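Accompanying notes for the structure given below.
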Amino acid sequence: MNENIERCLIAENEIKRRIDVLANEILEEMKEKEFMVIFLLKGALVFAADLCRRLPVALEIESLNVSSYKGGMESSGVIEFLDTRFPDVKGRSVLLIDDILDTGRTLHTVSNKLNEMGVSQLRRCVLLSKDKKRDVDVGVEHVAFTIGDEFVVGYGLDYKGKYRNLPYVGILKKDSI
Ligand code: XMP
């Protein structure tokens, strides 16, 4: 375990097992054999890479670079699209993947944008959902794990740009913050 991690919340093998189940759920729901995955950088990178490799269909994989945190522990509340180019989603069936559902603002904003751009079917999937009241309501069809309202790192999630590479989800030691 990394020396700055207080405790592991979700172990690597638990994540693997859950993703297998989730992939089957998604395959059953996305009736179309070909769909587009859009994952949000950078937090969903690790989760999306593992999940997509368990979806044995002809996927198109796109990313969107969206920022809400400025590297710390609090969401700025303002969602910025950082890409200059947007994937062509008109008439497409899209699975939107993010790392964590917290205030709900990110998924809400991105979902609205995708709907405005004419997606035919939109489904959302997150690795983690914090068990708390959201600032905005957003429907998420697939959740791998529900956690308490605490700040987590690892498996794609960062603190000030670090710890994304940890293969598990964990809680930072107080003196590492
Ligand atoms: P919202 O509040 O828009 O949050 O639902 C989504 C984005 O906020 C970041 N986030 C976190 N990042 N540990 C992190 O490393 C956390 O506990 C955490 N909570 C929210 C994340 O980028 C997510 O996409």
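Figures for the structure shown
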| quantity | calculated |
| --- | --- |
| Considering residues of region 1-57 that are part of a strand (DSSP E or B) and among the aliphatic types (A, V, I, L, M) only, the residue surrounded by the fewest Cβ atoms within 10 Å (Cβ to Cβ) | Leu41 |
| Where Ser111 falls short, out of the listed (1) crowded, with 16+ Cβ neighbours inside 10 Å; (2) in contact with a His (Cβ under 8 Å, 6 or more places away or on another chain) | (2) |
| Selection within region 63-74 - surrounded by fewer than 17 Cβ atoms within 10 Å (Cβ to Cβ) and touching a residue at least 24 places away in the same chain (Cβ under 8 Å) | Asn65, Gly71, Gly72, Met73 |
| Meets criteria (in contact (Cβ under 8 Å) with a residue 24 or more places away in the chain and over 25 Å from Asp149 (Cβ atoms)) for Lys42 | no |
| Out of Leu95, Leu101, sole residue that is touching a Lys or Arg at 6+ places or on another chain (Cβ under 7 Å), under 15 Å from Ala44 (Cα atoms) and within 13 Å of the ligand (Cβ to nearest atom) | Leu101 |
| Within region 127-144, considering residues that are among the aliphatic types (A, V, I, L, M) and without any contact (Cβ under 8 Å) to a residue 40 or more places away in the chain, the one farthest from Val78 (Cα to Cα) | Val140 |
| Members of region 3-41 found to be under 26 Å from Lys174 (Cα atoms) and touching a Phe, Trp or Tyr at 6+ places or on another chain (Cβ under 7 Å), listed by number | Cys8, Ile10, Ala11, Glu12, Ile15 |
| Counted residues, region 144-158 - those being in contact with a Ser or Thr (Cβ under 8 Å, 6 or more places away or on another chain) and either surrounded by fewer than 15 Cβ atoms within 10 Å (Cβ to Cβ) or over 14 Å from Ile15 (Cβ atoms) (or both) | 1 |
| Any chance Arg123 is surrounded by 12 or more Cβ atoms within 10 Å (Cβ to Cβ), touching a residue at least 12 places away in the same chain (Cβ under 8 Å), away from the ligand (no atom under 13 Å from the Cβ) and within 26 Å of Gly148 (Cβ to Cβ) | yes |
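Each reported figure results from applying straightforward, stated rules to the coordinates on display, with no laboratory input. Here the structure is a predicted model, which is why all the values come from computation and not from measurement. Heads up, the Cβs are rebuilt from the backbone with ideal geometry, glycines too, and the neighbour counts pull from every protein chain shown.
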